[in-house]
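The values are calculated or read from the model by the stated rules, or taken from the named source; none is laboratory data. The shown structure was predicted, so the numbers you read here are calculated from the model rather than taken from an experiment. Virtual Cβ from ideal backbone geometry, glycine too; neighbours counted across all protein chains shown. Heavy atoms of the whole protein, side chains included, go into the accessibility calculation; ligands, DNA and RNA do not. Shrake-Rupley method; radii C 1.70, N 1.55, O 1.52, S 1.80 Å.
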Amino acid sequence: MSPTVLKLGGSVITDKDRAETLDGEALDAAADAIADAMERGDVSELVIVHGGGSFGHHHASEAGVTTTDGSADAADAIGIHGAMKTLNQFVLSRLHERGVPALPVHPLSAGARDADGDLDMPMTQAATMLGEGFVPVLHGDVIATEGEGVTVLSGDEIVTTAAAYLSADRVGLCSTVPGVLDADDEVIPEISAFEDAADALGGSDADADVTGGMAAKVRELLDLGAPASVFGPDDIGAFLAGERPGTTIRGDD
Ligand code: IP8
């Protein structure tokens, strides 16, 4: 059976305007939807990835660390990584409270980027966890990068890497909006080329986002070998039940 990869956007589970502030209600609702889907048997092999929100992005922007501009200062790396581990612990606890057998995978200790920015992150631990009935929970992080110290690794890049490595057949990104929106704020049902949505895709709407918002997401997902869905928090259950809520992004699969 092929796994499903679900990303919980950092803006969904945190209050992005206040440093290191969880959106506990939103995280509870997401954890409820995941636990219900697993209990119903809608999904058996599930990988969760979460973004940084006001945890990672706040520290990354203070340290001036982005996906391409790094820092060789261990204190910067630990500041960002530590905040992400705190958020990861919140996510894990909310899942554990609902009986979801979630285990953390911290990308800083699981991969690296070369001087061209290419990521090498084998997912043998996640694959084995899935086989043993666990739910691996990865997160945006900092990652050692040749010539840069550490750079930011976005949850979206982890999603595409995990989906390719684990041959996921379903990929979903839960965002604060109900899909990729056009200029009139209507959900674009399907995107198969960046140009389909280029006009509508600005940067992220929150200042402290160092990984580029919806435009970067769409580019990443177009490169994926499987169709991906972008949807809002109310549609986590529908996605896990096999539906395609929000926007479906299909590259050359
Ligand atoms: O929120 C970025 O992950 P994202 C994580 O998925 C950090 O872009 C460390 C800023």
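Looking only at segment 38-55, which residues are out of contact with any Ser or Thr (no Cβ under 9 Å at 6 or more places or on another chain), open to solvent by less than 20 Å² (accessible area, probe 1.4 Å) and in a helix (DSSP H, G or I)?
none
In the list HIS139, HIS106, which residue meets the criterion of being open to solvent by 50 Å² or more (accessible area, probe 1.4 Å) and within 14 Å of the ligand (Cβ to nearest atom)?
HIS106
Filter segment 191-209 down to the residues that are surrounded by 14 or more Cβ atoms within 10 Å (Cβ to Cβ) and among the acidic types (Asp, Glu), then identify the one that is modelled with the highest pLDDT.
ASP196
With the checklist (1) within 15 Å of the chain's Cα centre (by Cα); (2) within 14 Å of the ligand (Cβ to nearest atom); (3) open to solvent by 10 Å² or more (accessible area, probe 1.4 Å); (4) of a type outside the set (Lys, Arg) in hand, flag the one item PRO233 doesn't pass.
Tallying (1) within 15 Å of the chain's Cα centre (by Cα); (2) within 14 Å of the ligand (Cβ to nearest atom); (3) open to solvent by 10 Å² or more (accessible area, probe 1.4 Å); (4) of a type outside the set (Lys, Arg), PRO233 fails exactly one: (2).
What is the one condition in (1) open to solvent by 40 Å² or more (accessible area, probe 1.4 Å); (2) over 11 Å from VAL150 (Cβ atoms); (3) more than 8 Å from the ligand (Cβ to nearest atom) that ALA72 does not satisfy?
Exception for ALA72: condition (2).
Looking at ALA162, ALA144, which is the one that is outside any loop (DSSP other than H, G, I, E, B), crowded, with 19+ Cβ neighbours inside 10 Å and within 14 Å of the ligand (Cβ to nearest atom)?
Within the list ALA162, ALA144, the selection yields ALA162.
I'd like to check something: does segment 92-99 contain any residue that is open to solvent by 40 Å² or more (accessible area, probe 1.4 Å) and within 12 Å of the ligand (Cβ to nearest atom)?
Within segment 92-99 (the criterion being open to solvent by 40 Å² or more (accessible area, probe 1.4 Å) and within 12 Å of the ligand (Cβ to nearest atom)), the answer is no, since none of the residues qualifies.
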